[in-house]
Amino acid sequence: MPDVITVRVQTDSDSFQDVVVKIQKPTYNKPFLGGFRNVSTGEEFHNAGSQTKPKKRPDKGIQLFCKETQTVVEKNKPQQTRNTTSTQMTKIGLYVSNMTDKLITPGKYFTAEEYHKRRLEAVIVLQKYFRRWHAINLVQNLKEKKRFRLALEAQEELRKKREKEDKLRREYEKKLNPKTKEDFELLYHDLELWMQEETERINRTLTGAERKAALCALLEEETQLIACIEMHKLDANVENQQKAILHLLEFYKLFLKCAQPRRWKAYDGKITEMDTQNSLRGKELLEIYHSISTKDIPKDERTSVLLTLRCTVKEHECELTQEIVALIDREVDLMSREVKECNLEGLRKRICTLFLQYIKIPEYNPGIAGLLKVPQDPLKLYKKVYFCHSCEKYLAPTEFPIPANSRTIGRCRSCYQLDNEARKRESYLKYRLILEDLRKSEVDYQDDSKIAFLVQLPDLQYLIENIWNCQSALSACSDLYDLVMVRWDKQHEWSPWNTILLTKEEADAHLKLCNLQKTYEAPFIYRIEQKHIRAKNYFTQIPVMSSFLHRSNNQANAN
């Protein structure tokens, strides 16, 4: 069949028209619709429904042909037939065995209500057993939690008890073997408490001449105790001098550091070292110090080392070098007289000590300048030196305890300590611990808190004793070892008018609170605010504190 054919169509009785018809070949095989075959000729004729393309069905949006609809699911279900069947029984002429027959008796009939009632009772029984099992597990868990909590509480109580015992033991050891200024403060404080108790007892029980004699005996006993304490102080000073000597030997490590060459890492990872003029000088002095510190060497070598040291220090003329040269000459003279080595140990130690002092001078050892805390220019010290009118000495600013409400420099620490030992005999150890804990906690906030670092020990002592009465605001615990000062409102920095005195456990719980108004009762908040007002009235007299107070008031008004 060609693609195009021409068909002549008769348009009128005597006229025809040729029409070009395009043949569209089907793209699919037409279905076989039946047909017939001529018997005589053998030709086959097929039935045709249409020669045009079938009409396409509209898309309904539903998948009509799928695996589920084209797959048959078979299910076998027995059913009782409707056909009537017969049963054969024994009769005359027919015997049917009854050996396999069963006797069936009908049971008790129950209605649907009774059936559902039985099911409900069975469900209730199951619920009882389940609830019993669940209650047993719940009680076991509660018991386990209780046991764990009691164990934690017992462990915490034991830890607190041990800490308290350790503190008391350390305090007792400090009083028994005092070595530092704080230890002697505790001793004098206990002496003052004992004196007050004894004086009160004498005034309460004795009168007249007996009272005066008892007071004189008490005064004599106090004098003996003070003399004993001073003897302990002398022994402690001897030990402290030994520690100072050890501290001087620690300087030897710095000396080793200044003698090392400069090191840096290159781009390829290799370490490059460079000896500078200062490091070479440090190495030279280090070798000399090693030589003069070495023991049990022959006399010839010792003499050679001393001559080398003499030539080295001779380069700089001063009182120190002259003393070193004189000691060297003395040792050489004694060695020439065959003096024993044990008799020369003190002289040799003195030479080593003076040579270390020589090494400390940056003019003679420039490499040590960057390792010393004292500035090289003495004029810088003159600007930061203050005069103590009590002991009449010029001291550094660190030697003057300046309270927050002070307007002048006042007396130095040694004079304050001497006056405290003679008059008040107060111990600031517990207040010092509270202040250290406060400053550590403020550093952890990292919000640029400043007031906690301006408050001094006398200010904190006044705050704790006069405003908070040396007891916790919640539990009234009066043991200062267990008390800490924390922020009342943790959103603002610590200040005397934003603080509360609590135990350590109460402070941990207080800092976890988000809303103070909902947690605490109104009378308690009112008492805390009254204490804050008293603190404001006291600290507003301090010029530095007043600026912080105005700033906090502005923030409160803004909020």
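The values are calculated or read from the model by the stated rules, or taken from the named source; none is laboratory data. It should be emphasised that the depicted structure is a prediction, and the values quoted were computed from it without experimental measurement. No Cβ is skipped: glycine too gets one built from the backbone with ideal geometry, and neighbour counts run over all protein chains shown. Surface accessibility is based on the protein's heavy atoms, side chains included, excluding ligands, DNA and RNA. Shrake-Rupley method; radii C 1.70, N 1.55, O 1.52, S 1.80 Å.
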### Query
Do we have Thr294 as in the same structural domain as Met195 (by the TED database), modelled with pLDDT of 70 or more, surrounded by fewer than 14 Cβ atoms within 10 Å (Cβ to Cβ) and more than 30 Å from Glu185 (Cβ to Cβ) here?
no
### Query
Here are some conditions: (1) part of a helix (DSSP H, G or I); (2) of a type in the set (S, T, N, Q); (3) under 30 Å from Gln417 (Cα atoms). Thr499 meets all but one. Which one does it not meet?
(1)
### Message
Return the pair list, or none, for Cβ contacts closer than 9 Å from residues in segment 527-538 that are assigned to a helix (DSSP H, G or I) to residues that are open to solvent by 50 Å² or more (accessible area, probe 1.4 Å), at least 6 apart or on different chains.
### Response
Arg534/Asn466; Tyr538/Asn405; Tyr538/Tyr462; Tyr538/Asn466
### Query
Does Lys283 count as within 17 Å of Pro362 (Cβ to Cβ), out of contact with any strand residue (DSSP E or B) (no Cβ under 6 Å at 6 or more places or on another chain) and modelled with pLDDT under 85?
yes
### Selection from segment 464-473 of residues that are part of a loop (DSSP other than H, G, I, E, B) and in contact (Cβ under 8 Å) with a residue 40 or more places away in the chain
Trp468, Ala473
### Task
Being within 24 Å of Ser390 (Cβ to Cβ), assigned to a helix (DSSP H, G or I) and without any contact (Cβ under 8 Å) to a residue 60 or more places away in the chain is the filter here, so list the residues in segment 409-431 that pass it.
Arg413, Ser414, Cys415, Tyr416, Leu418, Asp419, Ala422, Arg423, Tyr431
### Query
Out of segment 487-496, which residues are in a loop (DSSP other than H, G, I, E, B) and open to solvent by less than 60 Å² (accessible area, probe 1.4 Å)?
Trp488, Asp489, Glu493, Trp494, Pro496
### Message
Checking the structure you have, find out if any residue of segment 439-452 is crowded, with 17+ Cβ neighbours inside 10 Å and closer than 23 Å to Glu171 by Cβ.
### Response
no
### Query
From the list Val305, Val332, Val325, which residue is among the β-branched types (Val, Ile, Thr) and in contact with a Leu (Cβ under 8 Å, 6 or more places away or on another chain)?
Val332
### Summary
When every residue in segment 185-210 that is of a type outside the set (A, V, I, L, M) and in contact with a helix residue (DSSP H, G or I) (Cβ under 6 Å, 6 or more places away or on another chain) is compared, the one farthest from Lys424 (Cα to Cα) is Glu198
